[in-house]
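Here, each number is a calculation from the coordinates, and none is a lab measurement. All values reported here derive from a predicted model rather than from experimental measurement. Cβ sites come from the backbone with ideal geometry, for glycine too, and all protein chains shown count toward neighbours.
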């Protein structure tokens, strides 16, 4: 299999929303690619990523992830969910649990249900969790509680949890929006590097063009729920970026929408 | 403080009417208070000095009340864990949590002393009906608190575990429980304190505990002994409250 994500004419509106969140989106991402979703706030980046993670229903079109078609009306089967890892924008960690416990939480979908419930990870699970911690440079924080960590450290825990899941596709929603530029570079290098080392496909969203260019092979611009451009990172030009971030102005007869 | 709800003219009128009605329609003869002075003095005089010879009864009664509160709380916790899960929006559908919440409201509406009287009728005198009554009565509140604790946690880690492929019970164990544990500890301690206070009077209906001795001594006009038992009750309540304040600080 060499196609990780295939999207055909995807349309989605949030329940009660008047403006479509995603409109006529079509794209294909190959296995092992590292792709950035670039666009302003509210462009539909988070919506697209959550949809690919199987957390949104009620869309129209055809979407397949890792070779399996998604059902527009119900969540994917639980067994397939560990294959897609997700790094949440606000980390989504259990604050009162330790770093190791949070990373082991990424293994829960891979464990036998009873073993998961009883909380007895196998040596194999522990080994994978510890490797993820080491890869993320936070092995020394394993026994610390998450509520005692800094933002950058939390981001690394969130990535380690995702890696412990052994995903074949890594989706990351603004994984560096809470970090200063130096930390942001380090974390993106870690994320894309770990994905590459594991042969996994990576799709991350960002609103910082320079970071997208440095860490992705390909950049998809998204604005007003539509794909504005889809180019190799080396071909990302200033004009397209400027157009992407141009203030959204009301256009007569169309309402709030970007011109593509 | 917000007294805005009482600001309306209609509300004030209703409250005034309720108070006037209460005075007018029951036999509240305030004049009887005037002549009660000497009798209250006599009553208090006979309570003093408290009779210290009832130490054995006090120990036995206090221990039984404490046991009723501890076992009653344990029973309530055991009942409240499943009922709390079934009453939470996070864990089950409205078709399940709505009827369960109604059931819990119904349980809360039945006074403890009434449950205790029914239980004495059902299982006979002694601490057992008291324990059952406390467990039943406390479940109405505790299960509601547990459900609120489940629904009060941050949703993001639950979504993260679901995305990782964890089932509902595993999510409860690893995403919800760590967040709700301090709330559960606090609520359970609070309910234990209430159970102890409320179970002090269970002896009056024959459901065990120290209340039995208060009733016996008052009925047989041994006010000095009743005074000793009352002092013991006050000491016990203050001690438990002090312990609870310390525990609550620890779980903050």
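Ellipsoid fit via the Cα gyration tensor, the range B:105-147: semi-axes of 21, 10, 6 Å, each the root of five times an eigenvalue, largest first. Only helices enter this figure: runs of n ≥ 4 DSSP H residues, each worth -39500 (n - 2.57), summed and divided by the residues of chain A, yield -9000 deg cm²/dmol at 222 nm to the nearest 500. Volume per residue of the convex hull around the Cα atoms, evaluated for the protein assembly as shown, comes out as 234 Å³. Counting only alpha carbon atoms, the long axis of helix B:112-123 and the longest principal axis of chain B meet at about 90°. Projected onto planes of every orientation and averaged, the convex hull of the alpha-carbon atoms in the range B:74-188 covers 7.6 nm². Working note: Cα atoms of the range A:92-163, range along each principal axis, descending, whole Å: 34, 23, 17.
Largest GNM mean-square fluctuation among A:176, A:94, A:25, using chain A with Cα springs under 10 Å: A:94.
Rg to Rh ratio, the range B:165-208, alpha-carbon atoms and Kirkwood radius? On the Cα set of the range B:165-208, Rg over Rh gives 1.34. Over chain B, calculate the relative contact order: mean separation of alpha carbon pairs under 8 Å at least 6 apart, over the residue count, as a percent. The normalised contact order for chain B reaches 27 percent.
Over the C-alpha atoms of the range B:51-250, the Rg to Rh ratio, Rh being the Kirkwood estimate, stands at 1.09. Beyond 13 Å, what percent of the Cα pairs of the range B:138-203 remain? So the pairs more than 13 Å apart make up 66 percent of the total in the range B:138-203. Here the sum of -39500 (n - 2.57) over DSSP H runs of 4 or more residues, divided by the residues of chain B, equals -25500 deg cm²/dmol at 222 nm, to the nearest 500.
Compute the angle between helix A:123-135 and the longest alpha-carbon principal axis of chain A, please, reported from 0 to 90 degrees and rounded to the nearest 10. Once rounded, the angle reads 60 degrees.
Cβ crowding within 10 Å, taken as a proxy for footprinting-reagent exposure, orders B:213, A:245 from fewest neighbours to most as A:245, B:213. Semi-axis lengths, largest first, of the ellipsoid equivalent to the range A:162-222 are 18, 13, 10 Å, with √(5λ) applied to each eigenvalue of the Cα gyration tensor. Answer rounded, prolate or oblate for the range A:70-216, using the Cα gyration tensor with square roots of eigenvalues a ≥ b ≥ c: rounded when a/c is under 1.5, else prolate when a/b is larger than b/c, else oblate. The shape class here is oblate.
In the frame of its principal axes, the range B:6-131 has Cα extents of 63, 57, 28 Å, reported largest first. Across peptide A:100-109, the average count of Cβ atoms from other chains found within 10 Å of a residue's Cβ is 5. Under the rule a/c < 1.5 gives rounded, and otherwise a/b versus b/c splits prolate from oblate, where does the range B:46-102 land using the Cα gyration tensor? Judged from the Cα gyration tensor, the range B:46-102 comes out prolate (a/c at least 1.5, a/b above b/c). DSSP finds beta bridges in chain A, and of those with both partners inside it, around 55 percent are antiparallel.
Any idea what log10 I(q)/I(0) is at q = 0.12, 0.14 Å⁻¹ for chain A, Debye with uniform C-alpha scatterers and no solvent? Those come out to -0.72, -0.96, one per q.
Across the range A:116-155, the volume of the C-alpha convex hull divided among the residues equals 90 Å³ per residue. For the pair the range B:182-219 and the range A:109-160, the centres of their Cα atoms are 46 angstrom apart. When the square roots of the Cα gyration tensor eigenvalues are ordered a ≥ b ≥ c, the ratio a/c for the range A:6-142 is 1.5 or more and a/b exceeds b/c, which makes its shape prolate. Converting the Cα gyration tensor eigenvalues of the range B:178-252 into ellipsoid dimensions via √(5λ) gives semi-axes, longest first, of 33, 13, 5 Å.
Looking at the protein assembly as shown alone, DSSP beta bridges between its own residues are antiparallel in about 55 percent of cases. For the segment A:113-121, counting C-beta atoms of other chains within 10 Å of every residue's C-beta and taking the mean gives 3.
Relative to the dominant Cα principal axis of chain B, helix B:177-199 is inclined by about 20°.
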